[in-house]
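One structure is given below, encoded as structure tokens.
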Amino acid sequence: SASPDGKSLLYETDAQIYVLETEQGTEPRRITIGLEPRWSPDGETLCYLRHFRTKVGIVPAAGGEPNLLDLKPSTWPAATTSGWSPDAQTLAVVADEEGRSVLTLLSVDGTQRPLYEGSDPISAAVWSTDGTRVFFVENHPPSVGYYISTEPVVPSVQQAAVAAMRRTDGFR
């Protein structure tokens, strides 16, 4: 996939993740070992799958030591949505924990927080544009449920700042 600024290409081949600059004559730069890499919205960080899809890796786009998190994803965000929060600090991933689907928030520092748990498969986690909520789908055969997180997904200090900004901009 193209980086958010359109200056780099992120791809994976033979379980090797590479970044290639769009400048003519540049060579691919190997970043790490893994599958299905995704750009963060700011293009500074990559997430990917590792160890037979039983771990999530987070690594700087420039390369470096990856942070491997013990989380077995049951679904992985699509390249078009990537699962990243707008501020590129948190990733929404659906994990499989003993047959239950758990929508988990992963921060770039490795902190994990379960947001929602259900017995039916969860997928398609997408963030609100202000980063305060996560939308997701839960498959209830023979129907499908569409949900919005009921608890805010950002720290209360950050929520207060967002609320103050809205008040000063004339939003309610």
Pairs, first under 13 Å from Val108 (Cβ atoms) in the stretch 52-76, second of a type in the set (A, V, I, L, M, F, W, C) and open to solvent by 60 Å² or more (accessible area, probe 1.4 Å), C-beta under 7 Å, six or more apart: Gly57/Leu68
Qualifying residue in the stretch 71-82 (condition: at pLDDT 90 or above, touching a Pro at 6+ places or on another chain (Cβ under 9 Å) and not aromatic (Phe, Trp, Tyr)): no
Strands (runs of 3 or more DSSP E) contained entirely in the stretch 78-127, each with at least 2 residues that are more than 24 Å from Pro4 (Cβ to Cβ) and open to solvent by 60 Å² or more (accessible area, probe 1.4 Å): 90-97, 112-118
Filtered residues of the stretch 129-153 (kept if small (Gly, Ala, Ser) and under 28 Å from Pro66 (Cβ atoms)): Gly131, Ser149
Residue that is modelled with the highest pLDDT, among those in the stretch 1-56 that are of a type in the set (Lys, Arg) and not in a strand (DSSP E or B): Lys7
Residue match in the stretch 14-29 (condition: open to solvent by 40 Å² or more (accessible area, probe 1.4 Å), over 17 Å from Ser123 (Cα atoms), touching a residue at least 24 places away in the same chain (Cβ under 8 Å) and of a type in the set (Lys, Arg)): yes
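Select from the stretch 132-145 the residues that are within 19 Å of the chain's Cα centre (by Cα) and in a strand (DSSP E or B) and write down the one among them that is nearest to Asp87 (Cα to Cα).
Ranking the qualifying residues of the stretch 132-145, first place goes to Val134.
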Pair list, Cβ under 9 Å, 6 or more apart: the stretch 131-150 residue in contact (Cβ under 8 Å) with a residue 40 or more places away in the chain and at positive phi, other residue open to solvent by less than 80 Å² (accessible area, probe 1.4 Å) and not aromatic (Phe, Trp, Tyr): Gly131/Ser85; Gly131/Pro86; Gly131/Asp87; Gly131/Thr90; Gly131/Val153; Gly131/Val154; Gly131/Gln158; Gly131/Val162
Every residue from the stretch 63-77 that is more than 25 Å from Asp130 (Cβ to Cβ) and not in a strand (DSSP E or B): Gly63, Gly64, Glu65, Pro66, Leu71, Lys72
Per-region count, the stretch 110-130, residues in contact (Cβ under 8 Å) with a residue 40 or more places away in the chain and either out of contact with any strand residue (DSSP E or B) (no Cβ under 8 Å at 6 or more places or on another chain) or hydrophobic (A, V, I, L, M, F, W, C) (or both): 7
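The values are calculated or read from the model by the stated rules, or taken from the named source; none is laboratory data. The shown structure was predicted, so the numbers you read here are calculated from the model rather than taken from an experiment. A quick note on method: Cβ atoms are made from the backbone with ideal geometry, for glycine too, and the neighbour counts reach across all protein chains shown. Please note that ligands, DNA and RNA were not included when accessible areas were found on the heavy atoms of the full protein model with its side chains. Shrake-Rupley method; radii C 1.70, N 1.55, O 1.52, S 1.80 Å.
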